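Written out below as structure tokens is the structure these notes cover.
The values are calculated or read from the model by the stated rules, or taken from the named source; none is laboratory data. Predicted model, so just to flag it, every value in this text is computed and none were measured. Cβ coordinates were reconstructed from backbone atoms using ideal geometry, including for glycine residues, and neighbour counts include every protein chain displayed. Only protein heavy atoms, including side chains, enter the accessible area calculation; ligands, DNA and RNA are left aside. Shrake-Rupley method; radii C 1.70, N 1.55, O 1.52, S 1.80 Å.
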Amino acid sequence: MARVSQEHLDARRRQILQGAARCFAVNGFHGTSMQDVLKEIGLSAGAVYRYFAGKEELITAIAGEAFASIRQAFEEAADITPPPTPDVLLGRVMRGILSGRMYGLERRACAALIVQVWAETLRDERLAQVLDDGYTGMRVAWAKLVEAYRAAGILHSDVPADDVARTMIAVAQGFVTQEALFGGVEPEVLENGLRGLMSMDPQKIS
């Protein structure tokens, strides 16, 4: 019997995950059955169970890849030299996160899947730990970015770097949630809004 190449195995695994992600994005993790996934991808149960023991393993695999994709987008943005201003930076991150590069999903479906992954961590301790590790890594990466802003003389030093990093991450998370709930939120909206806030003169406010 001819051996199946690793490329074929990887492609089949990707096919299964893409089909499951489409189902989850539309119906949610717990509103999707394995029969739904099998119907979506057009494979037999035996072909799918060769790769994943069940729906929980599919959820774990998709969640892990979603976390990795989000973290990659943040870290890539943080590595840019010289660092762009926060409005440009967060716009770039949002385009990376919502590009659908993980599973070929449309932007709103991609955002919906990410929000579901976040919600799933509230009931799954393993996923919660993965999320916590990723979040910690992003905070470290973006705290370094804050230090780069300070070194360039464009940010005051009276606020802890971690506070700024967590706020920037929160803005990105809120934007993903808006896209998931309402749709039609262009990255340019985030960029323009941040640019407007950054232009405020605190001396005139006080």
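Run the helix sum for the chain: -39,500 (n - 2.57) per DSSP H stretch of 4+ residues, divided by residue count, reported at 222 nm to the nearest 500 deg cm²/dmol.
The per-residue figure over the chain is -24000 deg cm²/dmol.
Using 0.36 nm per residue, how much length does the chain from Glu57 to Thr136 gain when fully extended, once their Cα-Cα distance is taken away?
Going from the current span to full extension adds 26.0 nm.
How much length would be gained if the chain were fully extended between Ala119 and Ala148, taking 0.36 nm per residue of separation minus their Cα-Cα distance, in nm to one decimal?
7.1 nm
What does the accessible area per residue of the chain come to in Å², with a 1.4 Å probe and no ligands, DNA or RNA counted?
Solvent-accessible surface per residue comes out at 55 Å².
Find which of Gln72, Asn192, Ala165 sits farthest along the positive direction of the dipole of the chain, computed with +1 on the beta-carbon of Lys and Arg, -1 on that of Asp and Glu, about the Cα centre.
Gln72
How high is the relative contact order of the chain, in percent, counting Cα pairs under 8 Å that sit 6 or more residues apart?
23 percent
Return the tail of the calculated pair distribution for segment 56-160, meaning the percent of Cα-Cα pairs more than 24 Å apart.
In whole percent, the long-distance tail amounts to 31.
Considering only protein heavy atoms and a 1.4 Å probe, what is the carbon-and-sulfur percentage of the accessible area of the chain?
55 percent
Restricting to Cα atoms and excluding each atom paired with itself, what does the Kirkwood estimate give for segment 105-199 in Å?
By the Kirkwood definition, the hydrodynamic radius is 15.0 Å.
Ranked highest first by average number of other Cβ atoms within 10 Å, how do 5-12, 157-164, 183-190, 114-121 line up?
Packing proxy ranking, top to bottom: 114-121, 183-190, 157-164, 5-12.
Can you pull the accessible area of Glu65 for me, 1.4 Å probe, Å² to the nearest 10?
50 Å²
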